[in-house]
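Here the structure comes first, spelled out in structure tokens, and everything after it is commentary.
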Amino acid sequence: MSTFQSAERRISARQPQQSVYSLEGRLQIEHLINPTEPSDEELHPGSDVIRGLNQQPKTLPPRYFYDDRGSQLFEQICDLPEYYLTRTETEILQSCAPEIAAITGPCELVELGSGSSTKTRLLLDAYQTAGHSLCYCPIDISAGILESSAQSLLLDYPTLQVHGLVGTYELALQRLAPSHLPTRMIGFIGSTLGNLNPQECDRFLEQIKTALQPGEYFLLGIDLQKSKAQLEAAYNDAQGITAAFNLNMLRHLNHRFEGTFDLTQFEHFAFYNESQHQIEMHLRSLQSQTAQLKALGLTIEFAAGESILSEISRKLSLTKIQQDLESKGLKSRQVWTDSKQWFGLILCQLQP
């Protein structure tokens, strides 16, 4: 699954403002804007939706999964029995977190797509046990879940300082303040890298390289290649939570852009594309129909069975991704996997 900027929480470039909240001096949350170089989306809200729905095959940017409801549904997905990813990565982190803390020493933790910050607690525990100061910078598109998880952390870690950033990965990486601790580690766990195609992945790793100083760290979680049956079960759970998560994208568009999508006339459809080594999630039209996004002046025609590609989730090779990281100067310091080789965690360090 992926995490991108929520339209509800995005601040238009035409209304430049920044919201900052503080609690007992230990919590600061910023809603990011780019006052000097507004993006196309800031200047023309919904332009990415128009592009995606006007092309063939139709697509939608995965960032529209993540209004507050979408973020909550994703947290439920992570607890599903079929969804091995979170469970497996958590097991790896439970065993290797003390080693990560030992390698990095006192370290500011930056997390992209922080969500509920559940797995981050394993790292905070390891740094706390090692006697290190605790400084955490969660980055998420959902202001609601970021603030609630940050306040929960502050209760459990009395010395923790939290500086949260609400916004896109790209903007947040550009706006990172200098670390107050000797070094920094950017974490991108949860296999979210797989939601990027190869070109997007290359750009993202370049952004990580730019955001780090030489000697700083990057912790990356990746889902590894495995059987089609296991992968398809993980994205078609028996409780229908993933289906609700996928369909919520249309609800989000209805709310954000005065849409008329009838969710009862679309279905969740996910399958493993073996040639591309990727899960594909689609929203498939159950009949010929027309939908509108009135705020965008957009009318969309669907044939029966036609679908919108809402997400890909690539399953990666440890060897290949380490080569990609190395090409950006991100040298692997340590690699951990589970006993079944289902999931990998890579700790890299930016070279001079």
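The values are calculated or read from the model by the stated rules, or taken from the named source; none is laboratory data. Here the structure is a predicted model, which means the values were calculated and not measured. A quick note on method: Cβ atoms are made from the backbone with ideal geometry, for glycine too, and the neighbour counts reach across all protein chains shown. These accessible areas exclude ligands, DNA and RNA; they are computed on the full protein's heavy atoms, side chains included. Shrake-Rupley method; radii C 1.70, N 1.55, O 1.52, S 1.80 Å.
Taking only alpha carbon atoms, the chain gives an Rg to Rh ratio of 0.96, where Rh is the Kirkwood radius.
About the centre of its Cα atoms, the range 86-226 shows a dipole size close to 40 debye [charges on the beta carbon of Lys, Arg (+1) and Asp, Glu (-1) only; nearest 20 debye]. Bridges between two residues of the chain, per DSSP, are antiparallel at a rate of about 60%. Just checking the listed ones, G221, G105, G25: in the Gaussian network model of the chain with Cα springs under 10 Å, the one fluctuating most is G25. For the range 155-236, the C-alpha radius of gyration divided by 2.2 N^0.38 Å, with N the number of residues, is 1.37.
Within the accessible surface of the range 84-168, defined with a 1.4 Å probe on protein heavy atoms only, the carbon and sulfur portion equals 53 percent. Legend: P(r) of the range 78-195 from all alpha carbon pair distances, 5 Å bins from 0, whole percents, reading 2, 11, 22, 24, 23, 13, 4, 1, 0. Across R314, R284, R203, mean-square fluctuation computed from a Gaussian network of the chain (C-alpha pairs under 10 Å connected) peaks at R203.
Listed by chain and number, the aspartates and glutamates whose alpha-carbon sits under 12 Å from that of K294, ignoring those within fewer than 8 places in the same chain, are E258. With the charge dipole of the chain set up from +1 on Lys and Arg Cβ and -1 on Asp and Glu Cβ about the Cα centre, the Cα lying farthest toward the positive end among the listed residues P81, Y217, Q341 is that of Y217.
Taking the chain as a Gaussian network of alpha-carbon nodes connected by springs under 10 Å, the highest mean-square fluctuation of the residues S114, S142, S133 belongs to S133.
Estimated at 0.36 nm per residue, the fully extended path between T337 and Q323 surpasses their Cα-Cα distance by 3.3 nm.
Of the trypsin sites (Lys or Arg not before Pro) in the range 91-181, the ones in a loop by DSSP (not H, G, I, E or B) with at most 16 other beta carbons within 10 Å are R175.
Charge dipole (Cα centre; +1 on Lys/Arg Cβ, -1 on Asp/Glu Cβ; no other charges) of the chain amounts to roughly 360 debye. A Förster radius of 30 Å, combined with the Cβ-Cβ distance separating Q128 from R175, puts the computed FRET efficiency at roughly 0.65. For the residue pairs K209/K315; K228/K340; K228/K328; K226/K320; K209/K331; K320/K340, the C-alpha atoms sit more than 21 angstrom apart in K209/K315; K228/K328. Given only helices, namely DSSP H runs of n ≥ 4 each adding -39500 (n - 2.57), what is the per-residue ellipticity at 222 nm of the chain, to the nearest 500 deg cm²/dmol? Rounded to the nearest 500, the figure is -10500 deg cm²/dmol.
Taking the 1.4 Å solvent-accessible surface of the range 295-342 as the whole, the part contributed by carbon and sulfur is 48%. For the range 112-207, the solvent-accessible area works out to 37 Å² per residue, with a probe of 1.4 Å and every protein chain left in place.
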